[in-house]
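Enquirer: Pasting a structure here, questions to come.
Nothing in this text is a laboratory measurement; each read-out follows from the coordinates by a stated rule. The model shown is predicted, which means the values in this text are computed figures rather than measured ones. As a convention, Cβ positions derive from the backbone with ideal geometry for all residues, glycine included, and neighbour counts pool all protein chains shown.
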Amino acid sequence: MRKLPVTLFLLCHFSVVFTQTVTGPDSPLKFGSNYRIYPGSMNQTEVFIAKSPLDQNVIFSTCNTLNFIPFFISEGIFTSTNGGISWVGNDTCTGAPIAYHGGDPGITIDRNGTFIITRMGRSPFVGLYSHFSLDNGQTWSYQNVISTDDLERAAVTTNISPVSPYSGRTHAVWVKFATPFPVMHAYTDDGARHWSTPVPINNPSNRSAGGDIAIGPDGKIYTCWAGVQDVSPFKEILVGFASSSNGGADWQVTENAFPVNGINGVLANKNNIRVNGLPGIAVDTTNGPRKGWIYIVTGQKAFAPAGSDPDIVLYRSTDGGATWSAGIRVNQDPLNNGKTQYFPSMHLDKYGALNIIFYDDRRTTNDSAGVFLARSMDGGDTWTEFEISDHHFRPAPIGGLGQGYQGDNIDLTSTDTKLIPLWMDNSTGLYQIWTVPIDFSEINGIHEINNPALMSLQPNTPNPFSDHTTIGFRVETAGHVSLKIFDVLGNEVAELVNEWKYPGNYRVTFNPSTLTGSHTLTGSAPMKNGIFIVRLTLHDRVETQRMIYIKGN
């Protein structure tokens with residue numbers, strides 16, 4: 001979305017609590033009623049969601065918030081501390097200067113639990129700016145400048161890999177609106193207080209559009225973008241790809257990873273809303289059989305495997321982006337049936353399963369839409385689909401925001417027990433954020449109550465500790481167990497267990513002052529006071545917890 005003038009608007013703050021049960025259309029499953037996470041009096045469009053790496057129940061969502069009388073544009077701030085069951089919110093990010101916010105947010109929660117938001121600025125603050133919050137989004141810092149260029153929305157993510165030397169670094173990528181329209185990159189190592197000087201990733205022959213970013217299990221950065229035609233409607237004709245193994249200092253670039261035929265333009269049957277086929281990217285960071293696989297999803301038509309109507313198409317790489325599969329059609333309705341699928345968003349959960357949500361009109365009239373979930377447990381070879389919306393809506397442009405504008409992003413994340421999708425629809429008369437949490441037990445084909453956890457990590461005692469602490473854990477199934485200690489920068493401090501364990505309860509005493517031999521990986525330097533992370537690993541399951549060390553006199 002491009003920039004618009006801004007005036008102040010009266011802020012409001014309240015919470016909404018609902019409980020859920022769920023269904024899907026192509027199976028006997030029944031999902032419960034959809035609900036709005038923050039019912040409001042403003043349009044809410046272009047939805048994003050992020051989960052805390054410290055506490056999976058802490059979830060942060062944002063969107064564009066738009067009003068016309070009085071005119072107002074900003075970024076909604078919506079948070080949940082119970083895994084998406086209930087939410088509190090605000091119609092704007094309150095980081096000063098509020099009057100010059102321009103929307104188009106990107107969000108992440110970094111390794112320390114800091115909420116970070118990037119957004120566009122309004123004159124005289126043209127460009128890209130960020131704010132951070134240390135209290136789960138209740139208050140926000142003054143703006144910090146990232147770039148003063150004319151540019152497109154930034155995509156943001158944080159490196160939380162415990163094995164990466166750049167763990168904790170937050171990255172932003174965006175397209176600069178100046179020839180040759182490159183993808184730009186900047187990063188912060190201190191929670192968005194300061195940013196590196198932006199640098200171009202590529203030097204494209206076709207102008208770039210969009211831009212998305214993901215981090216691999218080893219901390220390697222991956223980004224993708226669309227290469228578009230040089231004339232309106234700037235249709236997507238290729239997907240570019242780049243990777244960096246040194247924190248963004250250098251990039252390996254493939255300007256044309258594979259060709260596409262995007263859907264950029266308007267959908268005449270849906271009130272001429274404006275749509276695009278910009279790519280999204282995700283990486284499998286589990287310890288499963290597809291660890292490190294990279295996936296890119298797009299919206300395409302009239303280019304195999306897409307039919308003559310808009311379809312969702314996936315590509316995957318099993319070798320770090322060196323080569324890519326042929327396109328895989330995600331939606332499973334009959335080819336060329338006149339039905340429209342658009343605006344996909346992708347997420348990989350703890351199982352390594354691919355989850356893609358998108359708008360779809362196969363179960364309604366062609367002037368309307370619902371929301372579908374496509375789920376693959378085998379890397380995209382086969383798919384199961386569910387309609388997760390319990391009502392349909394008629395898309396329509398929001399007047400005054402350019403031809404056909406109604407927002408072009410929806411999103412989803414997951415906890416250990418459920419998926420949390422978010423989308424926007426205008427069934428109340430305004431575009432609002434809707435959701436329906438989906439239990440994994442309903443869509444995995446198994447009931448998790450009959451599939452107990454492989455292991456469990458118990459809180460260390462005492463905590464905080466000054467000389468020693470005891471860490472307990474339980475193993476439910478035999479396997480190779482790893483128990484390690486990391487500092488908050490992701491550096492490995494100690495390896496306490498690295499051996500085969502049979503089912504049972506175990507206790508390990510950790511004493512920083514007696515770390516020797518294989519029990520220390522940081523030399524003879526003593527541990528400093530602070531927070532440390534305990535990580536227990538068994539097969540493809542990982543559990544972590546925090547402990548506090550206060551060195552005695």
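Enquirer: For region 281-407, what mean projected area does the convex hull of the alpha carbons give, in nm²?
Expert: Its Cα hull, projected and averaged over all orientations, spans 8.8 nm².
Enquirer: May I pose another question? Taking 7 Å along the Cα-to-C-beta vector as the label spot, tell me the ASN491-THR365 distance in nanometres, rounded to one decimal.
Expert: 6.5
Enquirer: Still on this structure, I have one more. Rounded to a whole number of µm²/s, how large is the Stokes-Einstein D of region 208-364 at 4 °C and 1.567 mPa s, given Rh as the Kirkwood radius over C-alpha pairs?
Expert: 81
Enquirer: Could you give me D for region 92-215, from Stokes-Einstein at 37 °C and 0.692 mPa s, where the hydrodynamic radius is the Kirkwood radius over C-alpha pairs? Units µm² s⁻¹, please.
Expert: 225
Enquirer: Same structure, new question: May I have the extent of the alpha carbons of region 337-458 along their three principal axes, as whole Å values ordered from largest to smallest?
Expert: 55, 36, 22 Å, listed from the longest principal axis down.
Enquirer: Summing Lys, Arg as +1 and Asp, Glu as -1, what charge do residues with Cβ under 14 Å from the Cβ of ASP110 carry, ASP110 excluded?
Expert: Result for the local shell: +1.
Enquirer: On to the next question. Can you give the extra length, in nm with one decimal, that the chain gains between ASP149 and ALA302 once fully stretched, where that is 0.36 nm per residue apart less the Cα-Cα distance?
Expert: Taking ASP149 through ALA302 to full extension adds about 51.5 nm, to one decimal.
Enquirer: Apply the Karplus parameterisation 6.51 cos²θ - 1.76 cosθ + 1.60, with θ equal to phi minus 60°, to every residue of region 172-182 and state each ³J(HN,Hα) to the nearest whole Hz, in sequence, with x for glycine and proline.
Expert: 10, 10, 7, 9, 8, 8, 7, 3, x, 6, x
Enquirer: When only Cα pairs under 8 Å and 6 or more residues apart are kept, what is the percent relative contact order across the chain?
Expert: 11
Enquirer: If only Cα atoms are counted, what is the Rg of region 201-260, and what is its Dmax, in Å?
Expert: Rg, Dmax (Cα atoms, Å): 12.1, 40.
Enquirer: Counting only Cα, what are the radius of gyration and maximum Cα-Cα distance Dmax of region 25-180, in Å?
Expert: Both quantities, over Cα of region 25-180: 16.6, 55 Å.
Enquirer: What is the Å³ per residue value for the convex hull set by the Cα atoms of region 403-513?
Expert: It is 211 Å³ per residue.
Enquirer: Over region 166-284, what per residue volume does the convex hull of the Cα atoms give, in whole Å³?
Expert: In region 166-284, the Cα convex hull volume per residue is 128 Å³.
Enquirer: Let me know the volume per residue of the alpha-carbon convex hull for the chain, in Å³.
Expert: 149
Enquirer: Return the sequence-ordered ³J(HN,Hα) values of region 434-442 in whole Hz as given by the Karplus equation 6.51 cos²θ - 1.76 cosθ + 1.60 applied to θ = phi - 60°, using x for Gly and Pro.
Expert: Result, rounded to whole Hz: 10, 8, 7, x, 10, 5, 4, 4, 8.
Enquirer: Can you sort VAL231, VAL275, VAL313 so the residue with the fewest Cβ neighbours within 10 Å comes first?
Expert: Exposure proxy ranking, most exposed first: VAL231, VAL275, VAL313.
Enquirer: Same structure again: Under 5 Å between amide hydrogens, which residues at least 5 positions from VAL175 or on another chain qualify, with H placed 1.01 Å from N in the peptide plane?
Expert: When sequence neighbours closer than 5 places are left aside, the close amide H contacts are GLU152, MET184.
Enquirer: Counting helices only, and only those DSSP H runs with n ≥ 4, report the 222 nm mean residue ellipticity of the chain as the sum of -39,500 (n - 2.57) divided by its residues, in deg cm²/dmol to the nearest 500.
Expert: Helix contribution divided over all residues of the chain: 0 deg cm²/dmol.
Enquirer: On to the next question. Pull up all non-local amide H partners of THR157: gap of 5 or more, or a different chain, and H-to-H distance under 5 Å with H placed in the peptide plane.
Expert: HIS171
Enquirer: Give, as a single signed number, the net charge of other residues whose beta carbon lies under 13 Å from the beta carbon of PHE486, with Lys and Arg counted +1 and Asp and Glu -1.
Expert: Here the count lands on +1.
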